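J.: Pasting a structure here, questions to come.
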Amino acid sequence: MKMLYEGKSKIVYAGEEDGTCIIKYKDTATAGNGAKKEDLPGKGRLNAEISNLIFDYLAKNGVKTHLIKVIDDTAVLAKSAEIVMVEVVVRNVAAGGFSAKYGVPEGTPLKNTVVEFSYKSDELGDPMINDSQITALGISTKEELETLKSMALRIDELMTELFKKAGIRLIDFKLEFGRADGEIILCDEISPDSCRLWDAQTDKKMDKDRFRRDLGNVLDGYRDVLARLKSVLN
Ligand code: TMP
């Protein structure tokens with residue numbers, strides 16, 4: 001297979017058919033833009049299965065995604081897309097970067113859902129960027145940003161409902177989108193690497209903050225998320 005791109009946690013290969021690619025999940029965990037890095041055997045398989053379940057659920061609820069089919073336990077066939085160079089973060093509860101930046105304790109409820117953009121650039125450390133900066137730099141258009149925001153908010157509603165059934169609070173998460181066949185589709189992954197997920201009873205962290213903050217038992221949280229999602233989706 002021809003490798004097109006190797007990222008921090010996934011490798012992208014060209015697909016056999018035009019307009020497709022194969023995405024393989026790795027076991028590598030990174031934090032702080034790659035400053036902290038470790039191999040967590042089994043993480044790739046867990047994230048692939050969790051993300052596939054969520055993408056499938058979103059697709060059944062009308063969200064267009066890149067996922068075509070699951071190939072094996074760490075690889076999927078996806079539509080090729082031109083990635084929109086912004087990460088879209090949705091926040092329901094204050095935590096992480098938001099708490100640090102604005103001096104609000106983690107766990108503080110927010111009066112409205114927050115949607116934030118970051119410019120996808122490893123060299124610049126993915127700086128936050130606003131709508132007028134994005135359009136000024138030609139990264140995206142006003143219309144496209146409206147589509148990203150409305151898709152992100154719809155995905156938030158659907159995921160909040162799904163995780164609630166699983167006894168999990170969806171605190172915040174990051175999405176990536178791409179352009180394919182003239183429309184915007186959800187790309188990348190949705191997993192405990194890209195979401196903050198707290199147990200609804202105890203607020204125990206079940207996501208990558210366990211790795212970022214050296215809390216231990218990182219993959220136990222991921223396994224628990226997968227088991228609970230399976231129990232509410234089947
Ligand atoms: P933040 O609080 O660090 O800005 O993160 C918000 C959410 O986005 C959190 O669920 C983790 C996720 N995220 C990523 O998936 N990748 C990233 O590079 C960053 C900065 C955050």
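The values are calculated or read from the model by the stated rules, or taken from the named source; none is laboratory data. Just so you know, these numbers come straight off a predicted model, no measurement behind them. Cβ atoms come from the backbone with ideal geometry, glycine included; neighbour counts cover every protein chain shown. For the accessible areas, the whole protein counts, side chains as well, though only heavy atoms, and no ligand, DNA or RNA atoms are used. Shrake-Rupley method; radii C 1.70, N 1.55, O 1.52, S 1.80 Å.
J.: Using just the alpha carbons, could you tell me how many Å³ per residue the convex hull of the range 63-131 encloses? Spell out each step's value before the answer.
T.: Numbers: hull volume 11.5 nm³, N = 69.
About 166 Å³ per residue, rounded to a whole number.
J.: Rounded to the nearest 500, what is the 222 nm mean residue ellipticity of the chain from helices alone, with -39500 (n - 2.57) per DSSP H run of 4+ residues and division by all residues? If you can, show how the numbers build up before the last one.
T.: Values: 6 runs with 75 residues, N = 234.
Counting only the DSSP helices, I get -10000 deg cm²/dmol.
J.: Which helices pass in the chain if a helix is a full DSSP H run, must span at least 30 angstrom along its long axis by Cα, and must have mean Kyte-Doolittle hydropathy not below -0.5?
T.: Working: long enough: 142-165 (35 Å, -0.48).
Span-like helices here: 142-165.
J.: How big is the dipole moment of the range 87-133 about its Cα centre under a simple scheme where the beta carbon of each Lys and Arg is +1, that of each Asp and Glu is -1, and everything else is neutral? Debye, nearest 20, please.
T.: Details: 4 positive and 7 negative charges, 59 e Å.
Magnitude of the dipole: close to 280 debye.
J.: So if each residue of separation counts as 0.36 nm, and I subtract the Cα-Cα distance between Asp214 and Thr202, what length gain in nm does that give?
T.: On the way: separation 12, 0.36 × 12 = 4.32 nm, distance 1.89 nm.
In short, 2.4 nm is gained.
J.: Cross-link candidates for Lys2: which aspartates and glutamates have Cα within less than 17 Å, leaving aside residues fewer than 8 places away along the same chain?
T.: Those aspartates and glutamates meeting the cut-off are Glu16, Glu17, Asp18.
J.: At 1.4 Å probe size, put Asp131, Asp181 in order of accessible surface, largest to smallest.
T.: Largest to smallest exposure gives the sequence Asp181, Asp131.
J.: In sequence order, what are the phi-derived ³J(HN,Hα) couplings for the range 4-10 according to the Karplus relation 6.51 cos²θ - 1.76 cosθ + 1.60 with θ = phi - 60°, rounded to whole Hz, with x for glycine and proline?
T.: 9, 6, 10, x, 5, 10, 8
J.: Roll a 1.4 angstrom probe over the protein heavy atoms and tell me the percent of accessible area of the chain that is carbon or sulfur. Spell out each step's value before the answer.
T.: Working: 5780 of 11530 Å².
Carbon-and-sulfur percentage of accessible area, whole number: 50.
J.: Taking the simple approach of a point 7 Å from Cα along Cα-to-Cβ for both Glu16 and Arg154, what is their distance in nm?
T.: For Glu16 paired with Arg154, the spin-label model returns 3.2 nm.
J.: Give the value in nm², to one decimal: projected area of the alpha carbon convex hull of the range 114-188, averaged over all directions. Each step should come with its number before you reach the end.
T.: On the way: hull surface 23.8 nm².
Seen from a random direction, the Cα hull of the range 114-188 projects 6.0 nm² on average.
J.: Name the residue, out of Lys111, Lys120, Lys142, whose mean-square fluctuation peaks in a Gaussian network model built on the chain with Cα pairs under 10 Å.
T.: Residue with maximal mean-square fluctuation among Lys111, Lys120, Lys142: Lys111.
J.: Taking the solvent-accessible surface of protein heavy atoms with a 1.4 Å probe, what is the per residue accessible area of the range 70-224 in Å²?
T.: Result: 47 Å² of accessible area for each residue.
J.: Work out the length of the dipole vector of the chain about its Cα centre, built from +1 on the beta-carbon of each Lys and Arg and -1 on the beta-carbon of each Asp and Glu, and round it to the nearest 20 debye.
T.: On the way: 35 positive and 39 negative charges, 142 e Å.
So the magnitude is around 680 debye.
J.: Give the lysines reachable from Lys36 as a straight Cα distance under 27 Å; neighbours fewer than 8 places away on the same chain don't count.
T.: Lys8, Lys10, Lys24, Lys26, Lys101, Lys120, Lys174, Lys204, Lys205, Lys208
J.: If you take the charge dipole of the chain about its Cα centre, with +1 on Lys and Arg Cβ and -1 on Asp and Glu Cβ, which of Met206, Phe98, Leu137 is farthest toward its positive end?
T.: Highest projection toward the positive end goes to Met206.
J.: Within 10 Å, Cβ to Cβ, of Lys208, how many net charges do the neighbouring residues add up to if Lys/Arg are +1 and Asp/Glu are -1? Show your work: numbers first, answer last.
T.: On the way: positive: Lys43, Arg196, Lys205, Arg210, Arg212, Arg213; negative: Asp193, Asp207, Asp209.
Summing Lys/Arg as +1 and Asp/Glu as -1 gives +3.
J.: What residues have an amide H closer than 5 Å to that of Ile71, excluding those fewer than 5 places away on the same chain, when H is modeled at 1.01 Å from N in the peptide plane?
T.: Answer set, sorted by chain and number: Val76, Leu77.
J.: Right, another one. To the nearest 0.05, how large is the calculated FRET efficiency for Asp39 and Glu143 if R₀ is 41 Å and r is the Cβ-Cβ distance? Mind showing how you got there, number by number?
T.: Numbers: r = 42 Å, r/R0 = 1.03.
Efficiency, from the Cβ-Cβ distance: 0.45.
J.: For the range 78-234, what is the largest minus smallest coordinate of the Cα atoms on each principal axis, given in angstrom and ordered from greatest to least?
T.: 44, 39, 31
J.: For Lys10, list long-range residues whose amide hydrogen, built 1.01 Å from N in the peptide plane, is under 5 Å from its own amide hydrogen.
T.: Under 5 Å from the amide H of Lys10 lie the amide H atoms of Lys26, each far enough along the sequence or on another chain.
J.: Work out the length of the dipole vector of the range 19-150 about its Cα centre, built from +1 on the beta-carbon of each Lys and Arg and -1 on the beta-carbon of each Asp and Glu, and round it to the nearest 20 debye. Numbers along the way, then the final one.
T.: Values: 16 positive and 18 negative charges, 50 e Å.
Its charge dipole is roughly 240 debye.
J.: Assuming 1.567 mPa s and 4 °C, estimate D for the range 146-234 with Stokes-Einstein, Rh taken as the Kirkwood radius over Cα pairs, in µm²/s.
T.: Calculated translational D: 93 µm²/s.
J.: How large is log10 I(q)/I(0) at q = 0.19, 0.25, 0.31 Å⁻¹ when the Debye formula is applied to the Cα atoms of the range 45-93, each weighted equally and without solvent?
T.: -0.78, -1.10, -1.15
J.: Here is a further query. When averaged across all projection directions, what area in nm² does the alpha-carbon convex hull of the range 1-158 cover? Write out the running numbers ahead of the final one.
T.: Numbers: hull surface 44.0 nm².
Taking the Cα atoms of the range 1-158, their convex hull projects to 11.0 nm² on average.
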